[in-house]
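*Asks:* Structure in structure tokens, see below.
Computed from the coordinates by the stated procedures, all read-outs in this text should not be read as laboratory data. All values reported here derive from a predicted model rather than from experimental measurement. All Cβ positions, even for glycine, are placed from backbone atoms using ideal geometry, and neighbour counts span all protein chains on display.
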Amino acid sequence: MSRDLRHLSPGVPADPALVPSRAGAGEVVLAGAPPRVPRRGRHRTMAQLAWARFRRHRMALAGLCLVAAFALGAAGARVISPYDPERSDLDHRLAAPSWRHPMGTDDLGRDLATRVLYGGRVSLTIGVMAMALAVTIGTAVGALAGYYGRWVDGVLMRLTDMVLSFPSLFVLILLTLVLRTTPVPFLRGGVLAIVLVIALLSWMTVARLVRASFLSLRETTFVEAARGLGAGNARIIVRHILPNSLSPIIVAATLRVASSIVTESGLSFLGFGVQPPVPTWGNMLQAAQDQMTTAPWTAVYPGLMIFLTVIAINYIGDGLRDALDPHHLR
């Protein structure tokens, strides 16, 4: 390019505000404009960094896909299967797996694949709801104990130790029997009763994790700054400390789903969980005890679903633990 812009267009005076660009041929920039800084790459948020690390954990990603497939299958059970999960067909009782019944039938002739789908809906719902309630209780207890300390910490942690000392299976069965005779109709032997029982005996681990996190964060600079600006205790807990404690809470919540599913299955297997004819993976196993040798598929498929769901969720928890590690989010 010519040093004088008049050579570009003869007879037209050059604009003094325009100067030739040195960045590239044929480019004109305004005089006095700030120099262009080369872009080094788009800044990624913490969530994007965590997702990138999670995707590198192949087993966790496979577990997430598997759990998503089970959840979608359970949600769309009515569309996927043409059979009624509670309708008996005694002419086809204990039928072996076939094209008509891919997982066979049970002792009442009900399609096992349909009952597995509907049972997954109940079991996954119980796992998620029990996790949500347990994490809520545990987070509240741990946050109060870790932030206030002193006698509040002592009382809440002794309460946590006392609940941990209970024989969990015995208390689970006892509470389930009590709730079966409760005058509250929606708690009497239903899904909500099982959720409440499981949550009341599974919040303690979350409480200890949250307490430890709050103890390490309550004296940090940003908390002192918020306190100096006049922020109240509730605001500091909810807006400043709790968001920085989400990593252990998320990992514990993921693993709590798997634990709740196993607990519900155990209760249903013992006959104290969700009562038939509502299908769950646990009570399907309980009903299959008498057909273990003559029709093993009645126990294999519900047990396989429990196994695959729990191991997939555990892999998701491992992936989240690595992805949310603050030493790697850079």
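*Asks:* Beta carbons within 10 angstrom, averaged per residue: use that to sort the peptides 224-230, 89-95, 135-141, highest first.
*Replies:* Descending packing order for the listed peptides: 135-141, 89-95, 224-230.
*Asks:* Suppose each label sits 7 Å from its Cα in the direction of the beta carbon; what would the Asn233-Asp91 distance come out to in nanometres?
*Replies:* For the pair Asn233/Asp91, the computed spacing is 7.1 nm.
*Asks:* Mean separation of Cα pairs under 8 Å and 6+ residues apart, divided by the residue count of the range 120-213: what relative contact order is that in percent?
*Replies:* 50
*Asks:* Please give, to one decimal in nm, the separation of the simple spin-label points placed at Thr220 and Leu192, each 7 Å out from Cα toward the Cβ.
*Replies:* That separation, rounded to one decimal, is 3.9 nm.
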